[in-house]
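Chemist: Quick one: the structure is below, questions incoming.
Read the figures in this text as sums done on the coordinates, not as results from a lab. The structure displayed is predicted, hence computed values, not measured ones. When we count neighbours, we look across all protein chains shown, and the Cβ atoms used for this are built from the backbone with ideal geometry, even at glycine.
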Amino acid sequence: MANALKGEYALIVKGDPALSIDDREYTLVIDTEALCQMESTTGKSVAEFIGAKSSVTVLRAMLWCALQAKHPEIDLTAAGDLIPRLGIARTTVEILGAMQAGGWIKPSPAKVDAPKVDPPKPGPRKNRRA
């Protein structure tokens, strides 16, 4: 189980009864070691991943690196096998969520559709001479 206070992030992967695969929870941890591993494995900086569209190869490597702290038994191929079950978009969102949980990136501010209110118009100035 993921501990948010330690920067851990829960990834729940739905199973497939037809393939006898149960639902499973993984814990993603993106710490300094995971970031260094990501950069050395992919040859790309973390900033490059965050700032642009990435290849599936880079996405798989990032997922694998985030899994290593709590799931060292998962190899690169097994991490890649999770991506079709999650989808590319969700995998990307989950990795970014883990980076937020680790404090490496700030959460995007939520868009709130607040009613637009005109600011009050200034009234006549009062003469405050004493």
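Chemist: Taking 7 Å along the Cα-to-C-beta vector as the label spot, tell me the residue 105-residue 23 distance in nanometres, rounded to one decimal.
Modeler: 2.7
Chemist: Quote the FRET efficiency, to the nearest 0.05, computed for residue 48 versus residue 10 with a Förster distance R0 of 22 Å and r equal to the Cβ-Cβ distance.
Modeler: Computed FRET efficiency for residue 48 and residue 10 comes out at 0.25.
Chemist: List 58, 29 from most exposed to least, where exposure is judged by having the fewest other Cβ atoms within 10 Å.
Modeler: Arranged by neighbour count, lowest to highest, 58, 29 become 58, 29.
Chemist: Over the alpha-carbon set of the range 4-101, work out the extent along each principal axis and list the three values in angstrom, largest first.
Modeler: 39, 30, 22
Chemist: Work out, step by step, the length gained on full extension between residue 41 and residue 57: first 0.36 nm times the residue separation, then minus their alpha carbon distance; give nm to one decimal.
Modeler: 4.8 nm
Chemist: For each of 75, 22, 31, count neighbouring Cβ atoms within 10 Å of the residue's Cβ, then give the residues from fewest to most.
Modeler: 22, 75, 31
Chemist: Count charges around residue 12 for me, please; just the other residues with Cβ under 10 Å from its Cβ, Lys/Arg as +1, Asp/Glu as -1.
Modeler: Within the 10 Å Cβ shell, the charges total -1.
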